[in-house]
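The values are calculated or read from the model by the stated rules, or taken from the named source; none is laboratory data. Not measured: the values here are computed from a predicted model. Using ideal geometry, Cβ is built from the backbone for each residue, glycine included, and neighbour counts are taken over all protein chains shown.
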Amino acid sequence: MKQEVSCSLNKAYILIYIIHLAILQTFMFANGSKQSSIADTESTLLDKSSKDSKTNEKLAQGASAYLQGDIDILSQNAPTIVQELSSIIYEKTGVKVFLHVVKNTPQNDTQTDINAKFQNRRSYETHITEQIQGNYAIIFLFYNDHAITLKSNLPFLNDTHAAELLEDYAYPYLPADSVGTLRYNDGVNEGVSNLYLALTHKIAKHYNFELNAPKPMEKQSDVTKVIIYAMLLILIGLFILVRFGLLAFKKKG
């Protein structure tokens, strides 16, 4: 009898070990995919390791049509890449894709409350979009407000679809850290670059052409989360089973 219980316990421990390895591999795969995507995105669009305001200003001279505002917040590669991809989108679809950077929203100050800041951003967006002719999609980065927004007059980029893009590609990378910190700047660059890539690819897909640009990073899928949670629950269940089974066996013995 004791040998049978011992054999069952050994099998349970082996199963727990296998599940533990599977969980570790799942996390390693998810993290590896994310890091690879981050490397591809940053090296091609917004290379944060080499910021230079003067170089950025020179590059912006040829890209002012699509990259506007306080662009020194972004990396030196941003003007060139935005100009290139937005030009391709416009030539093939007639859609103008802008990236508009605002360090501090007009009318805001240290005493402005959250609701007032929100209304000021909406007013600023309206003021800018009213000046655009034709079809457009514009990403707003409100740097000091910890805010990224997306506006468009295209039906397939209405408020609902814009919110989905922001939720999937921008917000996961926008940290709550203080403005101006390295972590905040890194998160802003990742969020903006990722959203810009997702936006351009979505437009290209809608108009049925392939855009030669890196794919955006995607947040962890719900399926992956369900699998991980299920494996964790199984692991916990087996641990409880073995734990209490062993205690019951000792008491019985």
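Given the criterion under 13 Å from the mean Cα position of the chain (by Cα) and modelled with pLDDT under 90, identify the matching residue among Leu166, Leu174. Explain how you work it out, then say what you get.
Details: Leu166 fails: modelled with pLDDT under 90.
Checking each option against the conditions leaves just Leu174.
Here's a check for you: in the stretch 139-160, which residue that is assigned to a helix (DSSP H, G or I) and either in contact (Cβ under 8 Å) with a residue 12 or more places away in the chain or not assigned by TED's automatic domain parsing to the domain that holds Leu195 (or both) is farthest from His100 (Cα to Cα)?
If we take residues in the stretch 139-160 being assigned to a helix (DSSP H, G or I) and either in contact (Cβ under 8 Å) with a residue 12 or more places away in the chain or not assigned by TED's automatic domain parsing to the domain that holds Leu195 (or both), then Phe156 is farthest from His100 (Cα to Cα).
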